[in-house]
Amino acid sequence: MSSSITYVRYEVLRTVRNVRFFIFSLVFPLILFFTIAGPNRNVSLGGLPFAQYYMVGMASWGTMAAVIAGGARIAAERSVGWNRQLRITPLSTRTYFRAKVLTGYMMALVSIVLLYAAGLSLGVRMPAGDWVRMTVLILVGLIPFAVLGILLGHLLTVDSMGPAMGGIVSLFALLGGSWGPIGGDSGVLHDIVQCLPSYWLVQAGHVGIGDGGWGATGWIVIGAWTAVLGVLAGRAYRRDTNRA
């Protein structure tokens, strides 16, 4: 147990000391939020007050980057043989991945708190229960992205991880509506984006206008992406282990 706690603490310290990661996952969403939502705080978007929609959109963007970044640390450790050294220590595989996911979620929570504070400063108001329910939905919606980070960390090199992570997060954010809704309320494009987990991350903001939550479709999409990516990540890990 002590070795597990020590490793988790090591992961947290290493994440906190990564200045570039802080800028990308915490500062950029805040800058965009104030730049775009500030002048539009009195208009509506997607049925929500603009500031509330954009607060959740920026939270989805920043938190996706935070949890997928765990894969970048895995790729870096693979490149120097660090994960191979860890396998001959008492540290279990489950603890290794748990530490990566926990640190990603820790950073995601920091991003959420900062953006909620920014939203409050621009007049976003909801009952306390809606804030809690929206946060829970966002955290659940991040599960497939945490698994995606583990998958990418075992497939890509450390040099290719940065561009791949930036491109994938940006694509999910764009199609999911983090920077503004796309696809309208019906049609083929609307049906396609509904199949993406990032779409449901952004839709978590609708609990603030009386929606009960995602409904069955949202839960099925999040569950399906998590299951498929989990199988692929398991295969990638076993292949990587056998090769080492």
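The values are calculated or read from the model by the stated rules, or taken from the named source; none is laboratory data. Owing to the predicted nature of the structure, the values given are computational and were not obtained by experimental measurement. Virtual Cβ from ideal backbone geometry, glycine too; neighbours counted across all protein chains shown. Areas reflect the complete protein model, heavy atoms only, side chains present, ligands, DNA and RNA absent. Shrake-Rupley method; radii C 1.70, N 1.55, O 1.52, S 1.80 Å.
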So, of the residues in the stretch 165-195 that are at pLDDT below 90 and closer than 18 Å to residue 76 by Cβ, which turns out to be surrounded by the fewest Cβ atoms within 10 Å (Cβ to Cβ)?
166
Within the stretch 54-85, the count of residues that are open to solvent by 10 Å² or more (accessible area, probe 1.4 Å), charged (D, E, K, R) and within 16 Å of residue 11 (Cβ to Cβ) comes to 2
Given (1) closer than 15 Å to residue 96 by Cβ; (2) modelled with pLDDT of 70 or more; (3) of a type outside the set (Asp, Glu); (4) surrounded by fewer than 16 Cβ atoms within 10 Å (Cβ to Cβ), number of the condition residue 1 does not satisfy:
(2)
Residue count for the stretch 88-101, restricted to those that are surrounded by 15 or more Cβ atoms within 10 Å (Cβ to Cβ) and part of a helix (DSSP H, G or I)
7
Residue 121 passes all but one of the listed conditions (1) open to solvent by 30 Å² or more (accessible area, probe 1.4 Å); (2) more than 27 Å from residue 242 (Cβ to Cβ); (3) in contact (Cβ under 8 Å) with a residue 12 or more places away in the chain; (4) not aromatic (Phe, Trp, Tyr); the exception is number (3)
Flagged pairs (Cβ under 7 angstrom, 6 or more apart or on separate chains; first in the stretch 38-50, of a type outside the set (A, V, I, L, M, F, W, C); second outside any loop (DSSP other than H, G, I, E, B)) are 40/50; 41/50; 41/51; 44/50; 46/53; 47/209
Among the residues of the stretch 88-127, write down those that are modelled with pLDDT under 80 and among the β-branched types (Val, Ile, Thr).
88, 89, 93, 95
Selection within the stretch 70-85 - touching a helix residue (DSSP H, G or I) at 6+ places or on another chain (Cβ under 6 Å) and of a type outside the set (Asp, Glu):
70, 71, 72, 74, 75, 76, 79, 83
Unique match (being in contact with a Gly (Cβ under 7 Å, 6 or more places away or on another chain), on the phi < 0 side of the Ramachandran plot and in contact (Cβ under 8 Å) with a residue 60 or more places away in the chain) among 173, 146:
146
The residue that is most open to solvent (accessible area, probe 1.4 Å), considering only those in the stretch 9-21 that are at pLDDT below 75 and among the aliphatic types (A, V, I, L, M), is 19
Any residue in the stretch 103-117 that's over 17 Å from residue 137 (Cβ atoms): show its pairings with residues that are among the acidic types (Asp, Glu) and assigned to a helix (DSSP H, G or I) at Cβ separation under 7 Å, as long as the two are six or more apart or on different chains.
103/11
